[in-house]
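**Student:** The structure follows.
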Amino acid sequence: MHETIRETYFKLKWQCTEQGGKAAKFHYTQDVDGIIRVMQCYNIVFEGRSDEENIRKLTIVSHRAGFMFFNNSAQGMEWINNNSRAITDAFWNATAFLHKLGKKPVNSNILL
């Protein structure tokens, strides 16, 4: 199922505002030179901004080079579910590598 940006926006807005939230992180997946970055993020503030303005900003994000989908969209959830093992393995391998170097991960950006 292909879900529009508008549908994804209103679904996440509803989930967020039902819990009293006034902003949400729209995580998205991006292919940059053959490396899939699962946890790219774009913040949206609901209060004080129109839905149309927020949807326009997300549309701009969706036109970035290598953009694949918003993770909370139907296609994003399907892709993540189908690739959850590879995502988990990549996260733990990256974490183990950083620990060997004596460093801690600075964010949750996962590279596949």
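The values are calculated or read from the model by the stated rules, or taken from the named source; none is laboratory data. Only a predicted model underlies this, so the values are computations on that prediction, with no experimental measurement involved. Please note: Cβ atoms are built from the backbone with ideal geometry, for glycine as well, and neighbour counts cover all protein chains shown.
**Student:** Please enumerate the residues belonging to the range 36-60 that are assigned to a strand (DSSP E or B) and closer than 20 Å to TRP14 by Cβ.
**Tutor:** If the condition is that a residue be assigned to a strand (DSSP E or B) and closer than 20 Å to TRP14 by Cβ, then CYS41, TYR42, ASN43, ILE44, VAL45 are the ones that fit.
**Student:** Further question on the same structure: Would the range 42-65 turn up any residue that is surrounded by 13 or more Cβ atoms within 10 Å (Cβ to Cβ) and touching an Asp or Glu at 6+ places or on another chain (Cβ under 9 Å)?
**Tutor:** no
**Student:** Is it fair to say HIS63 is over 14 Å from the mean Cα position of the chain (by Cα), modelled with pLDDT of 90 or more and farther than 15 Å from LYS13 by Cα?
**Tutor:** Numbers: over 14 Å from the mean Cα position of the chain (by Cα): yes; modelled with pLDDT of 90 or more: yes; farther than 15 Å from LYS13 by Cα: yes.
Taking the combined requirement at face value, the residue satisfies it.
**Student:** Would you point out the residue of the range 66-92, among those that are in a loop (DSSP other than H, G, I, E, B) and not hydroxyl-bearing (Ser, Thr, Tyr), that is nearest to LYS11 (Cα to Cα)?
**Tutor:** Taking the candidates together, the pick is ASN72.
**Student:** Can you confirm whether the range 45-59 contains a residue that is within 11 Å of the chain's Cα centre (by Cα) and not aliphatic (A, V, I, L, M)?
**Tutor:** Looking only at the range 45-59, we keep the residues that are within 11 Å of the chain's Cα centre (by Cα), and these are none.
No, that holds for no residue.
**Student:** Within the range 8-40, can you find the residues that are exposed (fewer than 13 other Cβ atoms within 10 Å of the Cβ) and either among the polar types (S, T, N, Q) or within 22 Å of ALA74 (Cβ to Cβ) (or both)?
**Tutor:** TRP14, GLN15, GLU18, GLN19
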